[in-house]
Amino acid sequence: MRTSSKSVDKQTDAAPSTFRAWYILTLLCLLFALSFIDRNMLALVVAPVSDDLGINDRQIGLLLGAGFAVVYAIGGLPLAHLIDQYQRRMILIVGTCFWSLCTILTAFVTTFAALALCRAGVAIGEAVLTPAAVSLIADLYVKEKRALPISFYGAIGAVMGVGSFIVGAAALQMATAIDVDGFAAWRLAFILIGIPGFGIALLLLLTVREPERTGSKEIASRKSKKANTGEFFNFLVSQRRFFIPYYLATGLWAMCSLGMVLWLPTFLVRGFAVDQAQAGYLFGAVGATAALTGTLFWPQFANRKEKAGRKDGIVWAYFLSTIIGTPLIILAPLSSSLPMLLVLYALGITMLSTGGSLTPMAMQAYGPQRMRGRLMALSLMFTSLVGYMVGPSLTEYIASFWGTDPFALGYGLAIMSAIGGTLSIILLHFARRALLTSDLLEHID
C-alpha cells in the first residue's frame with residue numbers, strides 16, 4: 001500500500017486497496033457488535049445487580065435508558081469535532097479502550113454512583129465509534145461502492161440489537177462455569193466481554209493506517225483546512241432547511257422503532273398470553289431477520305436510484321420507506337391475530353431499519369468531508385434523545401389510559417407510531433424538497 005508524500009497525516013494511506021478497505025470495515029463491524037454487547041449486558045443481569053448493590057427498578061431504568069442515551073448523545077458532538085479535526089484511527093483506539101475499561105470496571109462497583117459512572121464511561125467511549133466509522137468508510141470507498149459496506153455496518157446494529165443478549169448470556173454462562181470463589185458470575189461476565197475491545201484496538205494500532213481524507217471538492221486541491229466549530233455551525237445554519245427536518249424525522253422514526261423494540265415483547269405476553277421465553281424468541285427471530293433484510297435492501301435501492309439519475313435517491317428511499325412503513329407499524333399492534341401481528345411487525349421493521357442504514361449514507365453524500373463526523377453525531381443525538389427518551393415513555397403514557405386492559409400497550413404503540421410516522425413523512429417531504437433546491441448535492445463525490 002502506497003503512502004502519499006502529500007498526505008495530511010504521516011500515518012495516512014493515500015489509496016487503500018480493496019482488501020485493506022474491507023479489512024478495516026471488518027474491524028469497524030466487530031467494534032460495532034461489541035459496543036451493543038457491552039451496553040446491553042446490564043439489561044441481562046438486572047436481578048443480581050439490584051440484589052448486590054441494593055438499587056431499585058427506577059435506578060436501573062435510568063441506567064438502561066435516559067442515563068445512557070443522554071451521555072451518549074451529548075458527548076458525541078464534541079468527540080465528533082475531534083474526529084473531523086484529527087486522526088480518526090487514534091481517537092477510535094482511545095475510545096474503544098476507554099469503553100472496554102469502563103465495562104471491566106463495572107465488575108468491581110459497589111454503589112449506584114459507581115455503576116452510573118461506569119455506564120457514562122461506556123457511553124462516552126462508544127459515542128466515538130459511529131461518527132468515526134462513517135467518516136472512515138467515506139474515504140475507504142468511492143461513492144458508487146459505499147452502499148454495500150454501509151449496509152454491512154448497519155446490519156450489525158440491526159442484528160446485535162437482539163443478538164447481543166445471546167452473546168451476553170453465553171458470557172454469563174461461561175462466568176458461572178468458571179466459578180471464581182467470592183466473585184459473582186455477573187461481575188466476571190463484565191470482565192469477559194470487556195477484554196475483546198483491547199484486542200481489536202491493538203489490531204487497529206498495529207495493522208491499520210489512517211485513510212487519507214479525499215474525495216470532496218473542498219480538499220481536491222489538497223489545500224483544505226480544518227473546519228472549525230464556527231464554520232460547522234455556519235454550514236448547518238445555511239443548510240437548515242434540509243438538516244432541521246431531516247434530523248427531526250430521523251429522531252421521530254427512531255421513536256417508533258425503539259417504542260416497538262422495547263414494548264412489543266411485553267405486549268405479546270400481556271395481550272396474547274405468550275410466555276416470556278417464547279416472546280423473546282419470536283421477537284428476536286422476526287425482528288432480527290426483518291431488520292437485516294431492511295438494512296441490506298434500502299442502501300442498494302437508494303444507490304440504484306442515484307445511478308439512474310436521481311440525485312436525491314437516499315432521501316427518496318427514506319421517504320418511501322416511511323410512507324410504506326407507517327401504516328404497517330400502526331396496524332401491527334392493533335391486530336387480534338398473533339400470526340398477522342408478526343407478519344405486519346416484520347414488514348414494519350424492514351421499513352424502520354432505513355434510519356440506521358440510510359442516514360450514514362446521507363451524511364457521507366451531502367456533508368462536506370471535514371464535517372461528516374459531526375453531522376453523524378448530531379443525527380445520533382436526535383436519535384438517542386427522541387428515540388430513547390420519548391418513544392418508550394410516550395407509549396407507556398398513552399397505554400395508561402386503558403388501565404389494566406391486556407391490549408393497552410398495543411393501543412399505545414399504535415397511537416405513538418401514528419404520531420411519529422406521520423410527522424416523519426411530512427418532515428422528510430420538506431427535507432427532500434430543500435435538498436433538491438440547495439447546493440448540498442455539490443458535495444456528492
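The values are calculated or read from the model by the stated rules, or taken from the named source; none is laboratory data. Just so it is clear, the model here is predicted, and its values are computed rather than measured. Cβ sites come from the backbone with ideal geometry, for glycine too, and all protein chains shown count toward neighbours. Just the protein is used for accessible areas: all its heavy atoms, side chains included, with ligands, DNA and RNA removed. Shrake-Rupley method; radii C 1.70, N 1.55, O 1.52, S 1.80 Å.
A few points about this structure:
- The set of residues in segment 348-378 being over 17 Å from Ile425 (Cα atoms), within 15 Å of the chain's Cα centre (by Cα) and hydroxyl-bearing (Ser, Thr, Tyr) consists of Ser357 alone.
- Within segment 270-280, considering residues that are aliphatic (A, V, I, L, M) and buried (at least 17 other Cβ atoms within 10 Å of the Cβ), the one modelled with the highest pLDDT: Val274
- Residues being under 14 Å from Leu31 (Cβ atoms) and basic (Lys, Arg) - total across segment 159-202: 0
- The helices (runs of 4 or more DSSP H) located wholly in segment 147-252 that include 1 or more residues which are among the polar types (S, T, N, Q) and modelled with pLDDT under 90 occupy 147-178, 229-238.
- Scanning segment 19-36 for residues that are open to solvent by 60 Å² or more (accessible area, probe 1.4 Å) and within 29 Å of Ala189 (Cβ to Cβ) yields Thr26, Leu30.
Listed here are the residues, each with its yes/no results for (1) in contact with an Asp or Glu (Cβ under 8 Å, 6 or more places away or on another chain); (2) crowded, with 18+ Cβ neighbours inside 10 Å.
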residue: Pro48; (1), (2): no, no
residue: Leu53; (1), (2): no, no
residue: Gly61; (1), (2): no, no
residue: Tyr72; (1), (2): yes, yes
residue: Gly76; (1), (2): no, yes
residue: Ala80; (1), (2): no, yes
residue: Arg89; (1), (2): yes, yes
residue: Thr96; (1), (2): no, yes
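- Test result for Thr295, open to solvent by less than 10 Å² (accessible area, probe 1.4 Å), in contact with a helix residue (DSSP H, G or I) (Cβ under 7 Å, 6 or more places away or on another chain) and modelled with pLDDT under 85: yes
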